[in-house]
Amino acid sequence: MKNKNFGFTLIEILVVVGTIMLIMASVSGIISAVFNSQNKNKAIDKISQNGGWILNELKKNISNSNGNDLNGGDYFSCPLSVGTSINITNVQDGNKTTIICENNKIASTSARGTVYLLDSPGLKIDCSNFVSCSTLPSLQLSNVSFNFNLSAGNNILSSGTSKAFLLEVSLRN
């Protein structure tokens, strides 16, 4: 009688296990790259949405002031160089509003209280050149410029994700 062994040798088992491990490693690398890309896209979307909304709110505040006389008409108290805040008087209701960028927040403070235009723990803001104003030779205010950078916070997966935002509002007589 012949003795037949039905089974696998150690070498065959090791080859199969090694092949399965290689396939698992390549699939997990692909899945990891997809999740990293998805997180980065979410961070970019969050930055774009917040930045766009902030620019819209800043434009509304400046447009509601409707004045262009620097300090004389008391509509604006604006830095002629670069600053981190601007004071605005709304001509519709006379309320004074201060827009300020500091401590990783952009806030609008008025008689109605403080409204944070940006107070998101997932985002960081660089507002070292936040607001500047330009005048005509007659010292009338001609435009107000806002400039800030938003970037993803401490999340390692979305680090390096940032976007610059610039808004220039020309004032009319």
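Some observations on this one:
- Residues that are touching a residue at least 40 places away in the same chain (Cβ under 8 Å) and not hydrophobic (A, V, I, L, M, F, W, C) within the range 1-43 comprise Asn36, Asn39, Lys40, Lys42, listed in sequence order.
- Within the range 69-85, being more than 27 Å from Ala164 (Cα to Cα) and either at pLDDT 65 or above or not small (Gly, Ala, Ser) (or both) holds for Asp69, Leu70, Asn71, Asp74, Tyr75.
- Put simply, of Asn41, Asn56, Asn36, Asn61 the only residue that is modelled with pLDDT of 85 or more, surrounded by 13 or more Cβ atoms within 10 Å (Cβ to Cβ) and either part of a helix (DSSP H, G or I) or among the hydrophobic types (A, V, I, L, M, F, W, C) (or both) is Asn36.
- Cβ separations smaller than 9 Å between residues 6+ apart or across chains give the following pairs from the range 107-132 residues that are surrounded by 16 or more Cβ atoms within 10 Å (Cβ to Cβ) to residues that are acidic (Asp, Glu): Ala107/Asp119; Ser108/Glu57; Leu117/Glu57; Cys127/Glu102; Phe130/Glu102.
The values are calculated or read from the model by the stated rules, or taken from the named source; none is laboratory data. Small disclaimer: the values here were computed from a predicted structure and weren't measured. For neighbour counting, all protein chains shown are included, and Cβ atoms are generated from backbone atoms with ideal geometry for every residue, glycine included.
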